[in-house]
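Trainee: Before we start, here is the structure in question, set down as structure tokens.
The values are calculated or read from the model by the stated rules, or taken from the named source; none is laboratory data. None of these values were measured; they are calculated from a predicted model. Methodologically, a virtual Cβ is constructed for each residue, glycine included, from the backbone with ideal geometry; neighbour enumeration extends over all protein chains shown. Side chains are part of the model used for accessible areas, which takes the heavy atoms of the whole protein and leaves out ligands, DNA and RNA. Shrake-Rupley method; radii C 1.70, N 1.55, O 1.52, S 1.80 Å.
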Amino acid sequence: MCADDEVSLLVIVVDVNPIWWGQQAQREPEFTLSKCLDAVMVVGNSHMAMARTNKLAVIASHCQDSHFLFPSKSWRGADNGGDDASSSGDGKYELLSVANNLIAEEIRNVMSKSEYKGNSTETLLAGSLAKALCSGQEMKSRILVIKAAEDCARQYMNFMNVIFAAQKQNILIDACVLDSDSGLLQQACDITGGLYLKIPQKVALGQYLLWVFLPDLEQRSQLVLPPPAHVDYRAACFCHRNLIEIGYVCSVCLSIFCNFSPICTTCETAFKIQLPQMVKPKKKKLKQPT
Amino acid sequence: MDEEPERAKRWEGGYERTWEVLKEDESGSLKATVEEILFQSKRRRVIESHEQVRLGMMRHLYVVIDCSRSMDDQDLKPNRLTSSLKLLEAFVGEYFDQNPISQVGIITTKNKRAEKLTDLSGNPKKHIDALKKAVDSVCAGEPSLYNSLNLAVQSLKHMPGHTSREILIILSSLTTCDPANIYELIKTLKSLKVRVSVIGLSAEVRVCTVLTRETGGLYHVILDESHFKELLMMHVKPPPASSSSECSLIRMGFPQHTVAAPTDQDAKPSFSMSHLDSSSGPGLSLGGYFCPQCHAKYTELPVECKVCGLTLVSAPHLARSFHHLFPLQAFTENSVEEHQGDRFCQACQGELKDKTIFTCTSCQSVFCMECDLFIHDSLHCCPCCIHSQIGP
């Protein structure tokens, strides 16, 4: 077990894409967003109960913004005068009940008040991860991502920046995927050393979270956990978005192409093409008749 | 004599009344001033050069270490050589972290000769092992600047034109023993577009000043060990590419990692090509990266295939260099009293306790000093701009 005064932070990033969850409620009414958040609260409470110095943060990742569900600004600023908020009838540890109430209240605010502009239906996960990294700087931390909707191809570069920053800070990124496999999260888990799992039965989310994702790094070596997924590290060419095995890379802007072209479309530099050397025919010297 | 730029030397009055910078506060402590000075030096690193300059991403760098008698001096603890080698190990690690498709080679010089410690390669472990072994070597004789530059140039001149050719010299001696005219060699270096930088451990030497000025490199002399580390880390960032370097399309392979299951009938353990040179580590393995052109097996990337010469990388290696191409703008500094909104940092949700706060120029979000440093050093993207950006 870790030392007594070592602070360990768990950041849970929940994908609350309203479109996906709305469709999910129609597909499978037994598993809705509120059930998912119940499972998140269970794992959050368990983490805080494991050691006195453990800390928790929960971020909801929406289509165009990400919000901290816990700890929230209103809790920080106000003093703990509200008795009705903190006391729960069943003698639960006060911190846990405060956390649960805050998460429930904030998620209601987020889902009802978030304005929604534009046509994008994808969750911007990179922003939430960036905020999670900033909040976990001074202490040992790890991030657990619960992903529902599909990947957003637009945020590839920001996502990779976030992954490398996490790797440098030794922060693990674990991923629990509900619906479709996500190549970006597989790469994130592989590079930072975390666990990737696609859940076969969504209804049992709480069980999977407790079994696989609750133990931290030192304890994981003693457990038999799901094997790592096979990650596809092939690059996608910039012209067709196909995965290629051999490609051409521009030396200036590092964009990848599947075919040779004389001009790079990203940085518009003209490339030097190696032409075959011209061989001049040798002139024979005529001997002068003496 | 060529014209030297006018500079105020220390004894010519360049430094005047330096004690006035330090100010005591009410209780007589200098803590606030010291913190202010440290903070300014951190900010300086962030603000420097964020313009759109073309950078040399694929670098071939030779590090020349002076192993002469003067490296036995104990002004850096325990002696100059041990301290330099330790800092160079950290440098090699950072270098490959920031420039994953580049290569490094190490040359040592002593007894008026130069010899290669390691060849140009992209594998950091080899260099770090060689640096660790070099701690036991004896420092003797005089260094030879000419011989070490000549040795480096022999390999650098064959490198393709689109890569950057660099030499970094760590020179502690004040003398050098050269067999021929070094100014001729400087002309050759300039024509081959090799960029030479020098870090001096003792004092400024005129030959190094001319060398770095002519080839377009940097010359610094260290003040103490932490300054030494800072100067070394300055060379980790890719330098601006010279205007005449060629741009070309480089053919690269992106192999997949395949692991044959032990139950598969055709699966046989095999050696990887990198084990031809070194015998460290387990030899036979079932999985690895297979070159798409010739199917030679390798255990690690990036590597240049020994059989067919194709450079093998994986997509994250190229992605590591993207932040150099799209650098993040420096945030504007404001004082915390002027700020009207909430006193909360948008990234870490902490209260804004410092005197200065930082605002992103595009999304107007407010950050505290720690988050600003973290964003510019490691993250390279603003957490709030990501939400509205349409990235590549």
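Trainee: List every residue pair whose Cβ atoms sit under 9 Å apart, with the two residues 6 or more apart in sequence or on different chains, where the first one lies in region A:44-72 and is within 14 Å of chain B (Cβ to nearest Cβ) and the second, anywhere, is among the acidic types (Asp, Glu) and part of a strand (DSSP E or B).
Mentor: A:Ala60/A:Asp15; A:Ser61/A:Asp15; A:His62/A:Asp15
Trainee: Related question: Go over the candidates B:Leu174, B:Leu168 one by one and state the one that is open to solvent by 50 Å² or more (accessible area, probe 1.4 Å) and under 21 Å from B:Lys110 (Cα atoms).
Mentor: B:Leu174
Trainee: Just checking, does region B:319-328 include any residue being in contact with a strand residue (DSSP E or B) (Cβ under 7 Å, 6 or more places away or on another chain), more than 28 Å from A:Thr123 (Cα to Cα) and not acidic (Asp, Glu)?
Mentor: Checking region B:319-328: not a single residue is in contact with a strand residue (DSSP E or B) (Cβ under 7 Å, 6 or more places away or on another chain), more than 28 Å from A:Thr123 (Cα to Cα) and not acidic (Asp, Glu).
Trainee: Could you tell me which numbered condition A:Asp38 fails, if it satisfies all but one of (1) surrounded by fewer than 20 Cβ atoms within 10 Å (Cβ to Cβ); (2) modelled with pLDDT under 90?
Mentor: (2)
Trainee: Has region A:151-163 got any residue that is open to solvent by 60 Å² or more (accessible area, probe 1.4 Å), under 17 Å from B:Cys385 (Cβ atoms), part of a helix (DSSP H, G or I) and at the interface with chain B (Cβ under 10 Å from one of its Cβ atoms)?
Mentor: Checked against the condition, which is being open to solvent by 60 Å² or more (accessible area, probe 1.4 Å), under 17 Å from B:Cys385 (Cβ atoms), part of a helix (DSSP H, G or I) and at the interface with chain B (Cβ under 10 Å from one of its Cβ atoms), region A:151-163 yields at least one hit.
Trainee: Return the residues of region A:232-276 that are crowded, with 17+ Cβ neighbours inside 10 Å, touching a helix residue (DSSP H, G or I) at 6+ places or on another chain (Cβ under 9 Å) and in contact (Cβ under 8 Å) with a residue 24 or more places away in the chain; say none if nothing qualifies.
Mentor: Passing the criteria: only A:Tyr233.
Trainee: Pull out all pairs, ordered by first then second residue, where Cβ-Cβ is under 9 Å, the residues are six or more apart or on different chains, the first lies in region B:333-357 and is at pLDDT 75 or above, and the second is surrounded by fewer than 13 Cβ atoms within 10 Å (Cβ to Cβ) and of a type in the set (Asp, Glu).
Mentor: Going by the 9 Å Cβ cut-off, the qualifying pairs are B:Leu352/B:Asp342; B:Lys355/B:Glu337; B:Ile357/B:Glu338.
Trainee: Right, here's the next one. Of the conditions (1) at pLDDT below 90; (2) surrounded by fewer than 19 Cβ atoms within 10 Å (Cβ to Cβ), A:Gln207 clears all except one; give me its number.
Mentor: (1)
Trainee: Next question, about the same structure. Can you tell me which residue in region A:168-186 is nearest to the other protein chains (Cβ to nearest Cβ), limited to those that are touching a helix residue (DSSP H, G or I) at 6+ places or on another chain (Cβ under 6 Å) and at pLDDT 90 or above?
Mentor: Top of the filtered list is A:Ile173.
Trainee: Return yes or no: is A:Thr290 modelled with pLDDT under 80, among the hydroxyl-bearing types (Ser, Thr, Tyr), part of a loop (DSSP other than H, G, I, E, B) and open to solvent by less than 80 Å² (accessible area, probe 1.4 Å)?
Mentor: In short, no.
Trainee: Please indicate, with yes or no, whether at least one residue in region B:217-237 is closer than 30 Å to A:Lys272 by Cβ and within 14 Å of another protein chain (Cβ to nearest Cβ).
Mentor: Yes.
Trainee: Please tell me if A:Cys63 is open to solvent by less than 40 Å² (accessible area, probe 1.4 Å) and either in a loop (DSSP other than H, G, I, E, B) or at pLDDT below 90 (or both).
Mentor: Criteria met by A:Cys63.
Trainee: Any idea how many residues of region B:287-302 are in a loop (DSSP other than H, G, I, E, B) and either in contact with an Asp or Glu (Cβ under 9 Å, 6 or more places away or on another chain) or modelled with pLDDT of 85 or more (or both)?
Mentor: 6
Trainee: Do you know which residues across region B:137-147 are closer than 12 Å to B:Asn111 by Cβ and either open to solvent by 50 Å² or more (accessible area, probe 1.4 Å) or part of a helix (DSSP H, G or I) (or both)?
Mentor: B:Val138, B:Glu142, B:Asn147
Trainee: Any idea which of B:Leu185, B:Leu192, B:Leu131, B:Leu156 is under 28 Å from B:Arg54 (Cα atoms) and either open to solvent by less than 10 Å² (accessible area, probe 1.4 Å) or not assigned by the TED database to the domain that holds B:Leu223 (or both)?
Mentor: Going through B:Leu185, B:Leu192, B:Leu131, B:Leu156 in turn, the sole match is B:Leu156.
Trainee: Something else about it: I'd like the full set of residues that are open to solvent by 40 Å² or more (accessible area, probe 1.4 Å) and part of a helix (DSSP H, G or I), limited to region A:184-201.
Mentor: Hit for region A:184-201 is A:Asp190, nothing else.
Trainee: Quick one: which helices (runs of 4 or more DSSP H) sit completely within region B:303-392 and have at least 1 residues that are at the interface with chain A (Cβ under 8 Å from one of its Cβ atoms), small (Gly, Ala, Ser) and surrounded by fewer than 20 Cβ atoms within 10 Å (Cβ to Cβ)?
Mentor: B:315-320
Trainee: Ok, one more. Can you pull out the residues in region B:109-123 that are modelled with pLDDT of 90 or more and either open to solvent by less than 20 Å² (accessible area, probe 1.4 Å) or not assigned by the TED database to the domain that holds B:Val92 (or both)?
Mentor: B:Thr109, B:Thr118
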